[in-house]
Amino acid sequence: MTEASYFIERMIDVLARKLGMDPAEARRRNLIRKGQFPYQSALGWEYDSGDYLTALDKALNTVGYAALRDEQRRNREAFARGETRKLMGIGVSFFTEIVGAGPIKNCDILGLGMFDSCEIRVHPTGSVIARLGTISQGQGHATTFAQILASEIGIPAENITIEEGDTDTAPYGLGTYGSRSTPVAGAATAMAGRKIRAKAQMIAAHLLEVHDDDLEWDVDRFRVKGVPKLSKTMAELAFAAYNNVPPGMEPGLEIVPKRARGLDPHNGRCRDGSLLPARIYSQLPGRRWLPGRIACGRAQRLPGQRRRPSLVTAGRSFRKSGARPSSCNIPLSQCTRLSMRARSRCRDKAFSPVTLL
């Protein structure tokens, strides 16, 4: 992925130089237009949604691209006059990455469905344990999945324990790679949480002596429509689930669902000096952890961008050199957000809105 993007972007830069065109403009002319989605590529891949031109313009405007090009021009003139020995470089990159591998024809492994599962158990005390088939590699799964579940069942994230990677207890899952954990396992978590909430609603109706349809959900409790003072919190319903359920209902509050998820196309672009990552994400369970994730990924890529320059040897082999950067070498970054609505054919719309960061 990284090497392929490098050579593709390099070819676009060479093309722009030969045509006497700005590198950003060369990319702009070749981007899929918003009205062309869903777009079928020559190789058969389908791009389901996106607004690449708006994303590119927003990124360029955020960093003041026109002013930077003017500054670069003046810098080169000063260099030619011998007034400075430093040159200013500006890099533009735009790539689309297939991630969020789910149970679709292009991602199944040996016929195995690439869905993930989430098992949730709400204890009588109101605490929760959720088991998933993924494993965190430093992405912050415990925070992300707890926030997703908290938003669905109204129990604070600090009372939710996330358990991953235990092969004795973990439900079926295809693991962590290709940016699939949140789109696939996160969607499983959301769906499981909704089933927990649906059962809790029936228990609340039983306790309040009303019909299920007479209740409405409000953050962390069910209220009787028109009579907001009559309500039951999830903490109360968790306890009642083990001693006062409707006739014929199994006691307890737990569920094991499965979730299938399709593609989640990502875009990224960066700028030399300071970086402006712009990626399309599914609806975010909590945005505070995302800048850290972006910064971490940027630090991992920096060796190939700066401290490990790409060289082509006499034998035409590709190699890198240099050391990994420290926190002192990592440039500042800016984040901007563009919200849009994705075209999704998935029945579950939990993660259909997308945000560009």
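Derivation of every value follows stated rules applied to the coordinates shown; laboratory data play no part. These numbers come from a predicted model, not from an experiment. In this analysis, Cβ positions are derived from the backbone assuming ideal geometry, glycine residues included, and neighbour counts consider all displayed protein chains.
Rg/Rh for the stretch 149-242 (Cα atoms only, Rh after Kirkwood) is 1.07. Site pair Lys225 and Thr143 shows an inter-label distance of 3.9 nm when each label is modelled 7 Å from Cα along Cα→Cβ.
With neighbours defined as other Cβ atoms within 10 Å of a residue's Cβ, the residues Thr54, Thr189, Thr2 order from fewest to most as Thr2, Thr54, Thr189. Projecting the Cα atoms of Thr161, Ala190, Gly175 onto the dipole axis of the stretch 145-202, where Lys and Arg carry +1 and Asp and Glu carry -1 at the beta carbon, places Ala190 farthest toward the positive end. Amide H contacts of Glu163 (H built 1.01 Å from N, in plane; Pro and chain starts excluded): Ala130, Arg131, Leu132 sit under 5 Å, all sequence-distant by 5 or more or on other chains.
Using R0 = 45 Å, the C-beta based FRET efficiency linking Ser41 and Glu250 works out to 0.40. Overall, the stretch 116-259 carries a charge dipole of about 240 debye about its Cα centre when +1 sits on the Cβ of Lys and Arg and -1 on the Cβ of Asp and Glu, all other atoms neutral. Taking square-rooted eigenvalues a ≥ b ≥ c of the alpha carbon gyration tensor, is the stretch 1-71 rounded, prolate or oblate, where a/c under 1.5 means rounded and, failing that, a/b exceeding b/c means prolate? Oblate.
Taking only the Cα atoms of the stretch 24-137, the radius of gyration and Dmax are 23.9, 77 Å.
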